[in-house]
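Okay, structure first, notes after.
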Amino acid sequence: MSTIPTATISRLVTYLRILSQLEAQGIKKTSSDHLAEEAQVSAFQVRKDLAYFGRFGTRGAGYSVPTLRRELRRILGLTRAWNVVIVGMGRLGQAIANYPSFDQYDFLLKGVFDIDPSKIGQKILGLEVQHTDALPTVVREKGVDIGLITVPQSAAQDAADALVRAGVKGILNFAPTIINVSREVHVEPVDFLAGLKRLSFYIQNPQLKEELA
Ligand code: NAD
């Protein structure tokens, strides 16, 4: 398979959300035009994104909602549950851990970690906060693949190193810094301040908004 643009993967996630909403409404058929309108991209973009992974629709007849939804879930690796841990149980870590629908999306929280002695032993939704020293054991015993980093910027690389040593394969990094990891580990940064800065640019320069591809 050729390299796939990150933006394509982001759009597949959006298409999947749209398909799930259509399925919940009992709608069985859709088209690249409809997906495009809902995702605010062009129909050409939808077809191009899907074409990386094969042929899904029939020319003129559109897509079967359940089939395309099933295929996108398979492509995105969402036909199984993923075990997740959080490192850093401050304001953000606790808010994420307490998010009520976390497991509804098949991301199962298996451990929460910190280094602050006053936090170790506290219970968060039935999970006891453990010292990061326990990461390798928990990752191995619970089969954890993904780690969320919600520590201060200055501690993010240490937290990443601890997660990688413990054996996770992916990191969702909320700390506002770039972390370095080995090539086998994938890092996804999440930064709401970066989103606000992009908004600030587009509000000031509305004429520079990208037209639909
Ligand atoms: P916080 O100070 O409330 O919590 C940080 C926690 O990390 C503390 O409990 C601390 O004891 C723990 N910690 C420190 N070093 C550690 C280490 N090496 N290993 C394990 N735990 C460690 O901070 P917060 O407000 O929850 O923010 C956490 C991070 O998230 C910060 O980097 C912040 O900039 C970032 N943040 C990102 C977004 C976003 O959209 N991405 C939004 C808000 C905050």
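The values are calculated or read from the model by the stated rules, or taken from the named source; none is laboratory data. Not measured: the values here are computed from a predicted model. Methodologically, a virtual Cβ is constructed for each residue, glycine included, from the backbone with ideal geometry; neighbour enumeration extends over all protein chains shown. Keep in mind that these areas ignore ligands, DNA and RNA; they rest on the heavy atoms of the full protein, side chains included. Shrake-Rupley method; radii C 1.70, N 1.55, O 1.52, S 1.80 Å.
Below is a table of values for the structure above.
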read-out: Number of the condition not met by residue 134 [criteria: (1) more than 9 Å from the ligand (Cβ to nearest atom); (2) open to solvent by 60 Å² or more (accessible area, probe 1.4 Å); (3) in a helix (DSSP H, G or I); (4) not polar (S, T, N, Q)]; value: (2)
read-out: Criterion: of a type in the set (Val, Ile, Thr), at pLDDT below 95 and more than 30 Å from residue 126 (Cβ to Cβ) - qualifying residue of 18, 27, 4; value: 4
read-out: Those residues of region 89-104 which are more than 16 Å from the ligand (Cβ to nearest atom) and either in contact (Cβ under 8 Å) with a residue 24 or more places away in the chain or assigned to a loop (DSSP other than H, G, I, E, B) (or both), in sequence order; value: 100, 101
read-out: Set 113, 192, 201: member being within 11 Å of the ligand (Cβ to nearest atom) and surrounded by fewer than 19 Cβ atoms within 10 Å (Cβ to Cβ); value: 192
read-out: Exclusive hit being within 17 Å of residue 188 (Cβ to Cβ) and out of contact with any helix residue (DSSP H, G or I) (no Cβ under 7 Å at 6 or more places or on another chain), set 86, 120, 146; value: 146
read-out: Filter result for residue 68 (outside the structural domain of residue 146 (by TED's automatic domain parsing) and away from the ligand (no atom under 16 Å from the Cβ)); value: yes
read-out: Selection count where residues are within 15 Å of the ligand (Cβ to nearest atom) and surrounded by fewer than 22 Cβ atoms within 10 Å (Cβ to Cβ), scope region 140-161; value: 7
read-out: Meets criteria (over 16 Å from residue 125 (Cβ atoms), in contact with a strand residue (DSSP E or B) (Cβ under 7 Å, 6 or more places away or on another chain), away from the ligand (no atom under 16 Å from the Cβ) and not assigned by TED's automatic domain parsing to the domain that holds residue 188) for residue 41; value: no
read-out: Flag for residue 185 being among the β-branched types (Val, Ile, Thr), more than 21 Å from residue 99 (Cβ to Cβ) and either surrounded by 10 or more Cβ atoms within 10 Å (Cβ to Cβ) or within 14 Å of the ligand (Cβ to nearest atom) (or both); value: yes
read-out: Residue satisfying condition, being under 30 Å from residue 171 (Cβ atoms), open to solvent by less than 90 Å² (accessible area, probe 1.4 Å) and at pLDDT below 95, within set 88, 93, 77, 57; value: 77
